[in-house]
Amino acid sequence: MKIKATNNTPWVFLDWDIKYLVLEGVSYPEDAESFYSPLISELEGKSSKYLSGGGEMGIKIQLDYFNTVSSKMIYRILKIFDKLVDSNKNTKINLVWEIEEDDEELMEAGKDYECMFGNIDFTYKII
């Protein structure tokens, strides 16, 4: 799945063959629910199929800015993976949270998600 970035939506890349998801850019769509709905449906429908036997999934989130509604969508995405690991301890989710050096607000957002989703391994990368 590939969704091109716009001025207010991120580039989305999901590849089940390499088990990798990327959200990159900015996220403040007018209708976050409709923007993120195809991705969330894809994850809900196929994540257990591709990861039920174990294995690793990589996630990269590099969002320069996201609004409150987008943060709820990110929450829903991460919750899918967290629950998957909870039900299958052989699965590993590695998330790289990329932020600019002085962006304390986005660092705090990443730390908040990390606290909420203990089954996801977070790494912080300063860019």
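A few points about this structure:
- Contour excess over end-to-end distance, with Cα ends at Ser41 and Met116 and 0.36 nm allotted per residue: 24.9 nm
- Compactness of the range 51-121, expressed as Rg and Dmax over alpha-carbon positions, Å: 12.6, 40
- Coupling constants for the range 48-60 follow from the phi torsions by the Karplus curve (6.51 cos²θ - 1.76 cosθ + 1.60, θ = phi - 60°), and in residue order they are 5, 5, 7, 10, 5, x, x, x, 10, 10, x, 10, 10 Hz; glycine and proline get x.
- Between 0 and 90°, nearest 10: helix 68-87 axis offset from the chain longest Cα axis: 20 degrees
- Between Glu24 and Lys79, the simple label model (points 7 Å from Cα in the Cβ direction) yields a spacing of 2.8 nm.
- Given in Å, the Rg to one decimal and the Dmax to the nearest whole number for the Cα atoms of the range 18-75 are 12.6, 38.
- Mean residue ellipticity, 222 nm, helices only, the chain: the sum of -39500 (n - 2.57) across DSSP H runs of n ≥ 4, divided by residue count and rounded to 500, is -14000 deg cm²/dmol.
- Given R0 = 22 Å, the distance between the Cβ atoms of Ser87 and Tyr124 translates into a calculated FRET efficiency of 0.25.
- GNM flexibility winner over the chain from Asp82, Asp64, Asp112 (Cα, springs under 10 Å): Asp112
- Antiparallel bridges, percent of DSSP beta bridges restricted to the chain (to nearest 5): 25 percent
- Using R0 = 22 Å, the C-beta based FRET efficiency linking Glu104 and Ser52 works out to 0.05.
- Contour excess over end-to-end distance, with Cα ends at Asp15 and Ser34 and 0.36 nm allotted per residue: 4.8 nm
- Qualifying aspartates and glutamates (Cα of each under 13 Å from Cα of Lys4; at least 8 residues distant if same chain): Glu24
- Principal-axis tilt of helix 104-116 within the chain, Cα atoms, nearest 10 degrees: 20 degrees
- Comparing Pro10, Val26, Leu43 along the charge dipole axis of the chain, the residue lying farthest to the positive side is Leu43, per the Cβ-charge model.
Each reported figure results from applying straightforward, stated rules to the coordinates on display, with no laboratory input. Keep in mind that this is a model prediction, so the values were computed, not measured. Positions of Cβ are backbone-derived with ideal geometry, glycine not excepted, and every protein chain shown enters the neighbour counts.
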